[in-house]
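Peer 1: Right, I'll just put the structure down here and ask away after.
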Amino acid sequence: MFVKRFFIIVGILLLLIVVCGGIVAFNLFRDSAIKQYFATMKPPAATVSTVIVKPSEWTPGVEAIGTVNAVRGVDLTVETAGIVKSIMFHANQKVADNAVLLQLDDAVERADLAAAKAQNVSDQTALERAVELQRRGVGTDATLDTARATASASASQVNKLQAVLDQKQLTAPFAGTVGIPKIDLGQYLATGSSVVTLQD
């Protein structure tokens, strides 16, 4: 019984020795094979490309981040109230000096101006008649003075209505680039309403 156990133990020990020896031998062989592989491995060939050299001018420059300010910039507003009839510009458009940018409805002002001009023509005719009568000696100084005052008043009224009519248009005070429109067709604008920015 004792002898049988002894042989079993010896057999197990021998088996363990063989297994351990095999593992050690395999590791040694693997390390040797890896070293040999890397020792004999050739580096890959380098890729080389060619290009035809062409002469060109080099302009020196430096990239930088900064802020650009316009020399002149203004927020354009209307001088009088009215309904937008026409918009003669679009965003980021370059416009000339004194270019018309906006037209407000001016039908009433045009009618008033036409009536004032007709009245002024009539008053000027009456003044010329009074001057002629005075020259002939049949007119009075009072009549002539009244005719002069009336003609002068009607001429002033024409100038006033023409100025009002001119205010129905918004023009560029200088040449430059307009921004994004702040108004729409048919919109009612109060006096001083902002229309667009202009920068040169």
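Peer 1: Condition test on Leu113, is it buried (at least 16 other Cβ atoms within 10 Å of the Cβ) and either in contact with a His (Cβ under 8 Å, 6 or more places away or on another chain) or in the same structural domain as Pro181 (by TED's automatic domain parsing) (or both)?
Peer 2: No, not satisfied.
Peer 1: Still on this structure, I have one more. Quick one: in segment 154-164, of everything that is more than 21 Å from Asp97 (Cβ to Cβ) and within 37 Å of the chain's Cα centre (by Cα), which residue is surrounded by the fewest Cβ atoms within 10 Å (Cβ to Cβ)?
Peer 2: The residue in question is Gln162.
Peer 1: To continue, here is another question. Can you find even one residue in segment 141-155 that is closer than 28 Å to Val95 by Cα and at pLDDT 95 or above?
Peer 2: Looking through segment 141-155, none of the residues is closer than 28 Å to Val95 by Cα and at pLDDT 95 or above.
The values are calculated or read from the model by the stated rules, or taken from the named source; none is laboratory data. It should be emphasised that the depicted structure is a prediction, and the values quoted were computed from it without experimental measurement. Glycine also receives a Cβ, built like all others from the backbone with ideal geometry; neighbour counts cover every protein chain displayed.
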